[in-house]
Amino acid sequence: MPKITRRRALEGLGAAGIAGLAGCSSGPAGDGSGSEGTTTGSTGAMEITLGLFTPNSGAFAPWGPSLETGTRLAIRDLENELDVSVDLNVYDTKTDPSGALDAMKRAVTADGIDFAQGGINSSVCTKIGTWASDNNVSYIGQGASDSLRGEACQPFMYMVYQTNHMMATTIGREMADVTDRWYVLYADYVWGHNAEQVVTSAVEENGATVVGTDATPFPNDDYTQYINNVANSEADGVALLIPGPDASRAVKQMRNQGLTDVKIGAQMLEDMVFWGLDHEAAAMVDIASMGWVNTIDGVGDFNDRVAEAGELDPFVRHAKSYTSADQQIRAAVRAGSTRAEDVREELEGHEIQSAARDIHGGGEMYWRACDHELVSPVFSATARDASEMQDDPYKQWFDVTDTTPGDDVVRSCAETGCTL
């Protein structure tokens with residue numbers, strides 16, 4: 001029998017059918033409502049259209065190219081290994097939930113994507129992931145906010161990045177070993193508030209003290225007043241719970257104000273944010289929790305491929321995009337279908353054994369059924385001395401100091417509030 005793709009089904013529905021799909025809601029998982037997806041037939045290779053949602057404009061635009069590079073590398077590997085052909089459609093989220101939602105609706109109802117991945121900002125992931133799940137479209141996002149796995153979790157939404165709680169717990173433990181008195185600066189929105197609570201708790205549970213905290217605007221250009229608060233406190237270290245380029249901006253301003261003798265801890269650090277600074281500024285970072293770093297043992301081949309294929313040196317978003325495509329496409333091939341309920345059946349409880357595991361250092365990685373989190377190791381890292389930082393053939397400025405199994409720091413299923 002001929003294979004029926006989502007695109008062909010939509011073409012047959014016409015305008016009225018497309019409008020109906022855009023407004024429909026999913027029934028219980030597995031009831032077959034919503035989109036039909038792609039199923040395999042007797043015509044040869046399975047054909048998949050993957051929608052990638054990436055911030056090519058807006059606050060996270062510098063990250064944009066990495067999502068496409070990592071995804072295309074995974075597609076190349078999968079097409080060589082499996083009997084599958086993948087078309088990639090790329091959409092700009094504009095780092096804006098409303099703009100991203102418009103793109104997701106167009107991708108499903110007009111372009112006929114089979115499933116989706118991408119999105120960095122947690123608000124974007126929530127917006128497009130909720131709509132996708134309501135319309136029976138499988139979606140893997142890269143948001144770290146715990147709220148994505150909490151009461152707002154969705155039956156067909158998955159998150160590939162380690163949670164905020166996992167990152168914050170890891171760095172809080174490490175900070176307590178570095179020095180005894182900490183000042184916490186955190187971004188003034190849900191991600192930062194959650195990180196501050198978890199880090200403060202972990203620091204104090206491990207015998208150190210938080211002597212002060214400040215909620216900082218995000219995004220923010222001037223951290224002077226907050227740096228002054230740190231300098232005027234009794235703190236020996238400052239925790240930067242600030243995402244994106246703001247973290248490097250704060251470090252640069254600390255250095256410019258002469259606050260160079262204070263220890264720096266960073267949560268969910270992505271080394272790319274420091275590549276715009278000089279070596280000496282980046283070298284101020286004493287300890288950081290990271291979702292992935294390009295100095296993990298055994299990832300040299302992946303680094304080389306990223307450097308050759310992309311516009312950015314290898315960093316965490318390349319690895320997460322590769323993993324998202326690898327996992328969702330493999331699940332569809334195992335199921336012989338891209339229908340959201342079929343992909344879900346293949347992902348829940350699945351332990352990764354593919355190349356995606358290898359580029360994360362070989363630790364245990366599995367999709368948790370209760371909240372659709374990819375439980376994976378968290379890496380602790382420290383900046384190299386400025387004289388030892390590598391820039392060619394790609395930047396390597398941070399070294400792994402420890403690896404924490406995901407099960408050691410992930411919240412229990414009961415704690416998440418998710419009721420999948």
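Each value in this text was obtained by applying a stated rule to the coordinates, not by laboratory testing. Note that the structure is a prediction, hence the values are computed from the model and not measured. Ideal geometry is used to build each Cβ from the backbone, glycine not excepted, and the neighbour counts take in all protein chains shown.
May I ask for the angle, rounded to the nearest 10°, between helix 316-335 and the longest principal axis of the chain, with both axes built from Cα atoms and the value confined to 0 to 90°? Around 30 degrees separate the two axes.
Mean-square fluctuations from a GNM of the chain, with a 10 angstrom spring cutoff on Cα atoms, peak among 161, 394, 322 at 394. With contacts taken as Cα pairs under 8 Å at a separation of at least 6 residues, segment 342-382 carries a relative contact order of 32 percent. Across segment 298-306, computed HN-Hα scalar couplings (Karplus, 6.51 cos²θ - 1.76 cosθ + 1.60, θ = phi - 60°) run x, 9, x, 5, 4, 4, 4, 5, 5 Hz from first to last residue, x flagging Gly and Pro. Amide H contacts under 5 Å for residue 263: 237, 238, restricted to partners 5 or more places along the chain or on a different chain, H placed in the peptide plane at 1.01 Å from N.
With neighbours defined as other Cβ atoms within 10 Å of a residue's Cβ, the residues 320, 252 order from fewest to most as 252, 320. Partner lysines whose Cα lies under 28 Å from the Cα of residue 320, excluding those fewer than 8 positions away in the same chain, are identified as 94, 105, 127, 252, 395.
Mind checking the angle between helix 190-205 and the chain's longest principal axis? C-alpha axes, 0 to 90 degrees, to the nearest 10. Tilt relative to the chain: about 50 degrees.
Of the residues 75, 287, the one with the fewest other Cβ atoms within 10 Å heads the list, and the complete ranking is 75, 287.
In this structure the amide hydrogen of residue 369, modeled in the peptide plane, comes within under 5 Å of the amide hydrogens of 349, none closer than 5 places in sequence on its chain. Taking a sphere under 10 Å around the Cβ of residue 332 and counting the other residues whose Cβ falls inside, with K and R at +1 and D and E at -1, yields a net charge of 0. Annotation: the antiparallel percentage among DSSP beta bridges lying fully within the chain is about 25. Whole-Hz Karplus values for segment 65-74 come out as x, 5, 5, 6, 4, x, 5, 5, 5, 5 Hz, taken residue by residue from phi with 6.51 cos²θ - 1.76 cosθ + 1.60 and θ = phi - 60°; glycine and proline positions read x.
Dipole of the chain computed with +1 at Lys/Arg Cβ and -1 at Asp/Glu Cβ about the Cα centre; of 390, 121, 138, farthest Cα towards the positive end is 138.
The mean sequence distance of close C-alpha pairs (under 8 Å, at least 6 residues apart), as a share of the length of segment 191-278, puts its relative contact order at 28 percent.
Under the criterion of Cα pairs below 8 Å and six or more residues apart, the relative contact order for the chain equals 17 percent.
Local charge for residue 64 was computed over the other residues whose Cβ lies under 12 Å away, with Lys and Arg +1 and Asp and Glu -1, and equals -1.
Nearest 10 degrees is fine. How inclined is helix 164-178 to the longest principal axis of the chain, computing both from alpha carbons? Between the helix axis and the principal axis of the chain, the angle is about 20 degrees.
From most to least packed by mean Cβ count within 10 Å, the peptides 241-248, 413-420 give 241-248, 413-420. Near residue 346, within a Cβ-to-Cβ distance under 15 Å, what is the net charge of the other residues, with Lys and Arg +1 and Asp and Glu -1? That sum, taken over residues with Cβ under 15 Å, equals -2.
Just checking the listed ones, 64, 310, 129: in the Gaussian network model of the chain with Cα springs under 10 Å, the one fluctuating most is 310. Among 106, 411, the order by Cβ neighbours within 10 angstrom, fewest to most, reads 106, 411.
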